[in-house]
Every structure is written in structure tokens, then in C-alpha cells.
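Student: If you scroll down you'll find the structure; I have some questions about it.
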Amino acid sequence: MPRLNDPNAASFPEEIRDFLTTLPPDPMVKMLSHSAGTVKPFIELAKAQFTALQLSARSRELVILTVAEYTESTFVAAQHNPMSQAAGVEEGTRQLIRSRQLDDAELSPRDSALLRFTAEIVQRPRIADDVFDTARQFLSERELVEVLQVIGYYWTFGRISTVLDVEVTKIYGDEPILDALDNGTSG
């Protein structure tokens with residue numbers, strides 16, 4: 001049971017009400033809309049993370065699954081399991097993330113470096129030089145910053161889901177919010 005009631009959409013500015021009607025009904029969007037002034041930019045940032053990164057979709061999904069695991073967000077994990085599969089993340093890799101075996105020999109050196117980098121960032125404010133240097137062997141400077149941004153976004157998303165007990169009521173295998181934004185509703 002969510003800790004907050006659904007917000008009163010009638011209290012939102014018209015622009016936000018119109019924006020929210022373009023999105024699929026979703027418990028997370030409802031929770032996010034408690035902050036009517038930030039819901040639209042927050043969702044548009046999600047779109048940018050799916051459309052404007054140099055980081056590959058597979059790497060993005062590895063990062064998101066790792067953040068979901070280390071923030072204990074079943075909501076984010078449930079939503080991104082099918083998305084990660086579509087992006088080419090194998091079931092064995094998803095299982096290694098769930099069991100926190102980020103140094104397993106089944107992982108490529110690149111995947112292991114990315115997963116360890118992500119897990120360390122979620123767990124502490126500074127990471128060890130060796131973890132950073134290993135990630136830097138595989139990621140460009142732009143990709144390193146993009147990974148940090150994806151981690152920050154999904155850490156926030158994960159905490160909203162865990163602190164407010166947002167229920168998973170539907171699993172999306174595609175990106176419906178992004179589709180709504182692409183239909184001319186983004187600002």
C-alpha cells in the first residue's frame with residue numbers, strides 16, 4: 001500500500017494536467033506528480049536517457065539493474081528486466097547482478113568494470129581509484145558522466161519507489177512514457 005494518496009490532479013496547473021493525460025496511468029507517475037513543478041522535467045530526463053546518450057542501451061540497462069539491486073527497488077528491477085532483455089542483457093548477467101556477483105568470470109571485463117563502478121557509486125560518495133581507473137579503460141569521459149547521471153536518476157526513482165511503497169501494477173516491456181513524449185507532448 002503506497003504511503004501517499006494519489007494527488008489531486010485538479011490542483012495541478014493546466015499544462016501539467018495536459019501533460020499527465022498523455023502518459024499511461026502508472027502509480028509511479030502519480031507519485032512523481034505530487035511535485036507538479038518537477039514531474040514533467042523528471043519524465044523528460046528519462047526520455048533523454050533513452051534517446052540522447054552515447055552510452056549503449058545495453059550498458060544503460062546494466063547500470064539501471066545494478067542501481068535497482070543496490071537500492072533494493074523491486075519496482076525499478078521489475079520495469080527494467082524486460083527492457084534489459086530487449087537491450088541484449090542475458091539472463092545469466094541479470095542473475096549475477098541480482099546475486100551481486102559483479103566479479104564473476106562469466107562477465108566480460110567491460111561489464112564487470114561497469115557493474116562494479118555502478119555498485120560502488122550507489123554505496124558510497126567516493127569510489128576507489130582502482131574501480132574508477134578500471135571503468136575508465138572501457139568508457140569514454142562522456143560515457144562516465146552519462147553513467148553517473150543514469151545512476152543518479154535511477155537512485156532517485158528507486159528511492160521514490162521504496163520510501164513511498166509504490167506498487168508495481170504493470171510491467172512495461174517497451175518505453176510507453178517515451179512514446180507519449182515522442183507524440184508531440186514534450187515541451
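Student: Quick check: anything in segment 73-89 of a type outside the set (A, V, I, L, M), more than 20 Å from Q49 (Cβ to Cβ) and free of Cβ contacts under 8 Å to residues at least 60 places away in the same chain?
Tutor: no
Student: Still on this model: Would you check which residues across segment 128-140 are surrounded by fewer than 18 Cβ atoms within 10 Å (Cβ to Cβ) and in contact with a helix residue (DSSP H, G or I) (Cβ under 8 Å, 6 or more places away or on another chain) and list them?
Tutor: Within segment 128-140, A128, V131, F132, R136, Q137, F138 meet the criteria.
Student: Here is a further query. Test each condition in (1) out of contact with any Lys or Arg (no Cβ under 7 Å at 6 or more places or on another chain); (2) assigned to a helix (DSSP H, G or I); (3) surrounded by 19 or more Cβ atoms within 10 Å (Cβ to Cβ) for R58 and report the one that comes out false.
Tutor: (3) is the only condition that R58 fails.
Student: In segment 83-101, is there at least one residue being open to solvent by 60 Å² or more (accessible area, probe 1.4 Å) and of a type in the set (A, V, I, L, M, F, W, C)?
Tutor: yes
Student: Would you tally the residues in segment 97-137 being part of a helix (DSSP H, G or I) and of a type in the set (G, A, S)?
Tutor: 4
Student: Within segment 35-53, is there a residue that is more than 14 Å from the chain's Cα centre (by Cα), under 17 Å from V147 (Cβ atoms) and of a type outside the set (K, R)?
Tutor: Yes; the residues of segment 35-53 include at least one that is more than 14 Å from the chain's Cα centre (by Cα), under 17 Å from V147 (Cβ atoms) and of a type outside the set (K, R).
Student: R3 fails exactly one of the following numbered conditions: (1) without any contact (Cβ under 8 Å) to a residue 40 or more places away in the chain; (2) part of a loop (DSSP other than H, G, I, E, B); (3) open to solvent by 80 Å² or more (accessible area, probe 1.4 Å); (4) charged (D, E, K, R). What is the number of that condition?
Tutor: (1)
Student: Could you check, for segment 162-174, whether at least one of its residues is outside any loop (DSSP other than H, G, I, E, B), surrounded by 11 or more Cβ atoms within 10 Å (Cβ to Cβ), at pLDDT 95 or above and in contact with a Pro (Cβ under 8 Å, 6 or more places away or on another chain)?
Tutor: No, segment 162-174 has no match at all.
Student: Does T38 satisfy being out of contact with any Gly (no Cβ under 7 Å at 6 or more places or on another chain) and either open to solvent by less than 20 Å² (accessible area, probe 1.4 Å) or within 30 Å of R142 (Cα to Cα) (or both)?
Tutor: Yes; evaluated as a whole, the condition is true for this residue.
Student: Quick one: would you say R110 is touching a helix residue (DSSP H, G or I) at 6+ places or on another chain (Cβ under 7 Å), open to solvent by less than 80 Å² (accessible area, probe 1.4 Å) and either basic (K, R) or modelled with pLDDT under 95 (or both)?
Tutor: Against the criterion (touching a helix residue (DSSP H, G or I) at 6+ places or on another chain (Cβ under 7 Å), open to solvent by less than 80 Å² (accessible area, probe 1.4 Å) and either basic (K, R) or modelled with pLDDT under 95 (or both)), R110 qualifies.
Student: Any idea which of L23, L53, L32 is of a type in the set (A, V, I, L, M, F, W, C), within 28 Å of T93 (Cβ to Cβ) and buried (at least 16 other Cβ atoms within 10 Å of the Cβ)?
Tutor: One residue alone meets the criteria, L53.
Student: Can you confirm whether K47 is closer than 24 Å to V63 by Cα, open to solvent by less than 40 Å² (accessible area, probe 1.4 Å) and outside any loop (DSSP other than H, G, I, E, B)?
Tutor: So K47 fails the test.
The values are calculated or read from the model by the stated rules, or taken from the named source; none is laboratory data. Computed from a prediction, not measured in an experiment: that's the story for all the values here. Cβ coordinates were reconstructed from backbone atoms using ideal geometry, including for glycine residues, and neighbour counts include every protein chain displayed. Just the protein is used for accessible areas: all its heavy atoms, side chains included, with ligands, DNA and RNA removed. Shrake-Rupley method; radii C 1.70, N 1.55, O 1.52, S 1.80 Å.
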